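Everything on this sheet refers to the single structure shown next.
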Amino acid sequence: QVQLVESGGGLVQAAGSLRLTCAASGRISSINAMIWYRQAPGQERELVAEITSGGSTNYADSVKGRFTISRDNAQNTVYLQMNSLKPDDTGIYYCSALTIPRAYWGQGTQVTVSA
């Protein structure tokens, strides 16, 4: 079992920044990758950024150059630094941990970007 708790969401003006945090606990050694997703109202959940156990990263085209995913292995924590935020970045951001055979999810944190 893996437990995930997100934090750091909030209301920010366009062009502002936020840093999301995902704290993991439980069977940390079983995690192959950590992924941030987001879901805007009325839209499908989409991948925002991921980081593998080997440190490789991947980003959605819409956030490349603005968002950075990183991790602190000592703290079992993954971060999502979000800069130059746009109203289109508004949504609930979820942290997910990929293990074999399943993925685990956090409860989500709301990010609202005002124009």
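The values are calculated or read from the model by the stated rules, or taken from the named source; none is laboratory data. Source: prediction; values computed, not measured. Because the Cβ atoms are built from the backbone with ideal geometry, glycine has one as well, and the counts that use them run over all protein chains shown. To get the accessible areas, we keep the full protein, side chains included, count just its heavy atoms, and leave off ligands, DNA and RNA. Shrake-Rupley method; radii C 1.70, N 1.55, O 1.52, S 1.80 Å.
Overview of values
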item	result
Every residue from the range 1-12 that is surrounded by 15 or more Cβ atoms within 10 Å (Cβ to Cβ) and among the β-branched types (Val, Ile, Thr)	2, 12
Matching option when the condition is more than 16 Å from residue 81 (Cβ to Cβ), out of contact with any Lys or Arg (no Cβ under 7 Å at 6 or more places or on another chain) and modelled with pLDDT of 95 or more, among 70, 56	56
Residue list for the range 25-63, restricted to those being without any contact (Cβ under 8 Å) to a residue 12 or more places away in the chain and closer than 23 Å to residue 110 by Cβ	42, 44, 59
Residue that is modelled with pLDDT of 95 or more, farther than 16 Å from residue 7 by Cα, of a type outside the set (Asp, Glu) and open to solvent by less than 20 Å² (accessible area, probe 1.4 Å), where the choices are 85, 47	85
Of all residues making up the range 91-115, the number that are under 19 Å from residue 15 (Cα atoms) and open to solvent by 30 Å² or more (accessible area, probe 1.4 Å)	5
Contacts under 8 angstrom Cβ, first residue in the range 84-109 being over 19 Å from residue 60 (Cβ atoms), partner open to solvent by 30 Å² or more (accessible area, probe 1.4 Å) and part of a loop (DSSP other than H, G, I, E, B), 6 or more apart	99/27; 99/32; 100/32; 104/1
Filtered residues of the range 13-38 (kept if surrounded by fewer than 18 Cβ atoms within 10 Å (Cβ to Cβ), more than 13 Å from residue 98 (Cα to Cα) and among the aliphatic types (A, V, I, L, M))	14, 15, 23
